[in-house]
1. Scan segment 162-174 for residues that are more than 21 Å from Ile199 (Cα to Cα) and open to solvent by 10 Å² or more (accessible area, probe 1.4 Å) and report the count.
2. When only residues in segment 1-45 that are at pLDDT below 90 and polar (S, T, N, Q) count, which is farthest from the chain's Cα centre (by Cα)?
3. In segment 136-161, what residues are away from ligand 4 (no atom under 16 Å from the Cβ), open to solvent by less than 10 Å² (accessible area, probe 1.4 Å) and within 15 Å of Ser117 (Cα to Cα)?
4. Say we look at segment 222-250 and pick out the residues that are under 15 Å from Lys190 (Cα atoms) and part of a helix (DSSP H, G or I); which of these is least open to solvent (accessible area, probe 1.4 Å)?
5. Give all pairs with beta carbons closer than 6 Å in which a residue from segment 54-78 that is over 18 Å from Glu24 (Cα atoms) and in contact (Cβ under 8 Å) with a residue 60 or more places away in the chain meets a residue that is within 15 Å of ligand 2 (Cβ to nearest atom) and open to solvent by 40 Å² or more (accessible area, probe 1.4 Å); count only pairs at least 6 apart in sequence or on separate chains.
6. Among residues belonging to segment 58-100 that are small (Gly, Ala, Ser) and surrounded by fewer than 21 Cβ atoms within 10 Å (Cβ to Cβ), point out the one that is nearest to Gly263 (Cα to Cα).
7. With in contact with a helix residue (DSSP H, G or I) (Cβ under 9 Å, 6 or more places away or on another chain) and at positive phi as the only criterion, which of Asp129, Asp178, Asp213 stands out?
8. Since Thr181 meets every condition but one in (1) away from ligand 3 (no atom under 16 Å from the Cβ); (2) among the polar types (S, T, N, Q); (3) under 17 Å from the mean Cα position of the chain (by Cα), which condition does it not meet?
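The values are calculated or read from the model by the stated rules, or taken from the named source; none is laboratory data. This structure is a prediction, so every number in the text was calculated from the model and none was measured. FYI the Cβ positions are ideal-geometry reconstructions off the backbone, even for glycines, and counts take in every protein chain you see. In case anyone asks, the SASA skips ligands and DNA or RNA and just uses the protein heavy atoms, side chains included. Shrake-Rupley method; radii C 1.70, N 1.55, O 1.52, S 1.80 Å.
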Amino acid sequence: AAKRQGRNAYARFDPGMYASLVNEAQLRAEMETALAADQFVVHYQPVVDLPTQRLTGVEALVRWQHPSRGLLGPQHFIDTAEDSGLIVPLGRWVLRESLQQLARWDRPGLKVNVNLSARQFQDAALVTDVRDALAESGVEPACLTLEITESMLLQDIDVAADTLHALRRLGVRLAIDDFGTGYSSLNYLKRLPVDIIKIDRAFVTEVATDPEDKALVDAVVGLSQALRMQTVAEGIETDDQWTELRRLGCDFGQGYLFGRPVGPAAIELLLSEPAAAGPAR
Ligand code: C2E
Ligand code: MG
Ligand code: MG
Ligand code: MG
C-alpha cells in the first residue's frame with residue numbers, strides 16, 4: 001500500500017496497485033465474515049525444556065480455514081488484519097480460544113504463549129480483555145505468557161511500560177518475541193517487566209556453524225541470565241542446533257525438531273504419551 005512507500009513518495013496510480021487495493025478490501029471483507037463464521041482456528045507448537053526435551057507449554061498460532069483456499073497461515077492475512085483493525089477482535093478471540101483449550105487439556109503447569117499485535121497492545125481494553133479471558137477459562141495467570149515484539153515498545157516507552165506493568169499485575173508472564181531482529185534496547189530490557197526473551201530463528205539457523213551467530217546467542221543468554229530472564233530459542237530444526245543451544249545455556253526451545261504447530265487433538269496425543277508425563281515444573 002502507498003503508505004508503506006514513505007511520507008514523501010507520490011503514489012502514482014498504476015493498475016497493479018489498483019488490483020492490490022481491491023484485493024486488500026476484498027480480503028478485509030472476507031476476514032470479517034470469516035471471524036463471524038468461525039473459520040479461524042488455533043494451532044499449537046510445542047515449547048520444550050531444552051536439556052530434556054520435555055513439553056513445558058505451547059505457542060498459539062492462528063490459521064484461517066478458508067472455504068476455498070484451504071488452511072492459510074498468518075503470512076496471508078495478519079498484515080491486512082493489522083491495517084484494518086480486525087486484529088483486535090481476532091486477537092481477542094485467539095486469546096480466549098487458547099485459554100479455553102489450555103483448560104480443556106487440564107494439565108497443571110502446562111503453559112500457553114499468545115502473540116499480541118501492535119494494535120492489540122495499544123488497545124485500551126487489552127488489560128480487561130486478558131483479565132476476563134483468564135477468569136472465564138479458570139487458567140492460572142502464571143500459565144499465560146503474552147508475546148510482544150521490540151517494535152511495539154518503540155512508540156512511547158512510558159505508555160508501553162504502563163501496559164506491561166498492568167499485565168504483569170494480573171500475574172501473566174511477558175516475552176519479547178523475535179528478539180534481535182528489531183531495535184533492541186538495553187534500556188527497555190532493564191526498565192520493563194520482561195520475563196522471557198525469544199531468540200529469533202535468524203540467529204538459530206547458523207548457531208552451530210557460524211561463530212558470529214554463536215557469539216550473539218551466547219551474549220543474549222548471558223544478558224538474560226544477568227537480568228534474571230529466561231530464554232527460548234526459536235526455529236530449532238537440527239540436532240546440531242539443539243546441541244549448541246543447550247551448550248550455550250538456553251532454557252527452552254521451539255522448532256520443527258521438537259514439533260510443528262498442530263491442532264489441539266495432536267497436542268492431546270502428545271500429552272497422553274507416558275514420556276511427556278507432564279511439564280517440568
Ligand atoms: P512467531 O510468533 O515468531 O511464531 C513462530 C513462527 O515460526 C510460526 O510461523 C511457526 O510456525 C514458525 N516456526 C516454528 N518453528 C519453526 C522451524 O523450526 N522452522 C521454521 N522455518 N519455522 C518455524 P507462523 O505460524 O506462520 O506464524 C508467523 C507469525 O505470525 C508469528 O511469528 C507471529 O508473529 C504471527 N502470528 C501467528 N499467530 C498470531 C496471532 O494469533 N496473533 C498475532 N498478533 N500474530 C500471530
Ligand atoms: Mg511468537
Ligand atoms: Mg518469534
Ligand atoms: Mg518470528
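1. 8
2. Among those residues, the one meeting the criterion is Asn8.
3. Leu153, Ala160
4. Across segment 222-250, the extreme among qualifying residues is Ser224.
5. The qualifying pairs are Gly57/Lys111.
6. Gly73
7. Working: Asp129 fails: at positive phi; Asp213 fails: at positive phi.
Just a single option satisfies the conditions, and that option is Asp178.
8. Result: Thr181 passes all but (1).
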